[in-house]
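S.K.: Handing you this structure, nothing more for now.
The values are calculated or read from the model by the stated rules, or taken from the named source; none is laboratory data. Every value quoted in this text rests on a predicted model; they were computed, and no experiment measured them. Every residue, glycine among them, receives a Cβ derived from its backbone with ideal geometry; neighbour counts consider all protein chains shown. The accessibility values were calculated without ligands, DNA or RNA, using every heavy atom of the protein model including side chains. Shrake-Rupley method; radii C 1.70, N 1.55, O 1.52, S 1.80 Å.
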Amino acid sequence: MYVITGITGRVGGQAARVLRGAGLPVRGVMRDQSKAAAWAAHGCEIALADTTDAAALIKAFEGANGVFVMLPPIFDPKPGFVEALPMVAALATALDATRPAKTVCLSTIGAQAKQPNLLNVLGILEQALSSLPIPIAFLRAAWFMENAAADIASARDRGVIDSYLLPLDKPVPMVATSDIGRVAAELLQERWSGRRIVDLEGPRRVTPHDVAATFAKLLGRPVHAQAVPREEWEKRFIAQGMKNPTPRMQMLDGFNEGWIEFENGEAGSRKGAVSLDAALKSLIERE
């Protein structure tokens, strides 16, 4: 039995589909009972558990050959990531209690960075789970190509995408969520001991100019990228409703300055198969 947390999201859902496509048993962990029927129709067992509920997670993880774990996205954290700490503790408790044969944890590029930034929360998760006596692989994924979903309306209606990734001609490690889910499913079927780090990015690094050009091709209209000056970031993020934009700004600084990177750089990363063109095409078709 393979247990997938976050099964109702893009990454967990893809991991579950790959495993079911291989004829393997899957137990999907979710909080919302209303989403259970769709996954039950795919042949999945269903376990209801909140990420902070260690007892429910223990029940969900029992009898598993492999477990995929992840934290829900936290885009506007409180200082110290206090909302994430109970989730980290519950996952660690559940994995320690059940000791699955292997665990794959969704992490991020730059999880090892010491500089303060939004991605530190996954460094906290890695540190907590690394101390457990279980085989665990941290899947450090690059910037999600699907983050460009926020740019579709502007590209289509105005022919412009605003970029916080700077400069506009700097290649950025990005990856499609379908590649992340697929690789997570593949790792769950492998055998290893101890702690592994698997760095994952797409077939090639892409610039904001590349993103704009891909939108132009897919939308059939001119699209260009325009840089959002650093001095405007805080004002814009607060206008969007963020209460604590500093960690997000620090993360963007990390990508732009190059200190958010894989530990062994591009040469040491595993490469996905999904192109930027395919990922954006899928996003546009869902609109």
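S.K.: Please find, among Ile7, Ile74, the residue that is in contact with a Gly (Cβ under 7 Å, 6 or more places away or on another chain), in a loop (DSSP other than H, G, I, E, B), open to solvent by less than 40 Å² (accessible area, probe 1.4 Å) and touching a residue at least 12 places away in the same chain (Cβ under 8 Å). Before you say what the answer is, go through the steps one by one.
M.R.: Details: Ile74 fails: in contact with a Gly (Cβ under 7 Å, 6 or more places away or on another chain).
Checking each option against the conditions leaves just Ile7.
S.K.: Could you grab me the full set of residues in segment 130-145 that are open to solvent by less than 30 Å² (accessible area, probe 1.4 Å) and either out of contact with any strand residue (DSSP E or B) (no Cβ under 6 Å at 6 or more places or on another chain) or without any contact (Cβ under 8 Å) to a residue 40 or more places away in the chain (or both)?
M.R.: Once the filter is applied, which keeps residues that are open to solvent by less than 30 Å² (accessible area, probe 1.4 Å) and either out of contact with any strand residue (DSSP E or B) (no Cβ under 6 Å at 6 or more places or on another chain) or without any contact (Cβ under 8 Å) to a residue 40 or more places away in the chain (or both), segment 130-145 yields Leu132, Ile134.
S.K.: Starting from residues that are hydrophobic (A, V, I, L, M, F, W, C) and in a strand (DSSP E or B), keep the ones in segment 93-123 and report whichever is nearest to Leu187 (Cα to Cα). First the steps, then the outcome.
M.R.: Pass one, segment 93-123, residues hydrophobic (A, V, I, L, M, F, W, C): 94-95, 97, 101, 104-106, 109, 111, 113, 118-119, 121-122.
Applying the additional criterion that residues be in a strand (DSSP E or B) yields 104-106.
Details: Val104: 7, Cys105: 10, Leu106: 11 Å.
Only one residue fits best here, namely Val104.
S.K.: Applying the selection to segment 93-129, what residues are of a type in the set (Val, Ile, Thr), open to solvent by 20 Å² or more (accessible area, probe 1.4 Å) and under 23 Å from Ser193 (Cβ atoms)? Lay out the reasoning, then the answer.
M.R.: So the first thing to find is which residues in segment 93-129 are of a type in the set (Val, Ile, Thr), and the list is 93, 98, 103-104, 108-109, 121, 124.
Then keep just the ones that are open to solvent by 20 Å² or more (accessible area, probe 1.4 Å); that gives 93, 98, 124.
The answer is Thr93, Thr98.
S.K.: Please determine, by comparing only the residues of segment 13-63 that are out of contact with any helix residue (DSSP H, G or I) (no Cβ under 6 Å at 6 or more places or on another chain), in contact (Cβ under 8 Å) with a residue 24 or more places away in the chain and assigned to a helix (DSSP H, G or I), which one is most open to solvent (accessible area, probe 1.4 Å).
M.R.: For segment 13-63, the residue satisfying everything is Arg17.
S.K.: If I ask for residues that are polar (S, T, N, Q) and closer than 18 Å to Ser178 by Cα, which ones from segment 145-162 would you list? If you could, list the steps in order and put the result at the bottom.
M.R.: Quick first cut of segment 145-162, residues polar (S, T, N, Q) only: 147, 154.
Correct list: Asn147 only.
S.K.: Also, quick follow-up: Which condition number in (1) assigned to a helix (DSSP H, G or I); (2) out of contact with any Ser or Thr (no Cβ under 6 Å at 6 or more places or on another chain); (3) of a type outside the set (Lys, Arg) is the one that Ala90 fails?
M.R.: All conditions pass for Ala90, except number (2).
S.K.: Collect the residues in segment 152-206 that are farther than 23 Å from Trp259 by Cβ, more than 18 Å from the chain's Cα centre (by Cα) and surrounded by 17 or more Cβ atoms within 10 Å (Cβ to Cβ), keeping them in residue-number order.
M.R.: Hits for segment 152-206 are Ile152, Ala155, Ile161.
S.K.: Could you list all residues from segment 209-258 that are under 22 Å from Arg156 (Cα atoms), touching a residue at least 12 places away in the same chain (Cβ under 8 Å) and open to solvent by 60 Å² or more (accessible area, probe 1.4 Å)?
M.R.: Listed by number, the residues that qualify are His209, Lys217, Arg221, Pro222, His224, Gln226.
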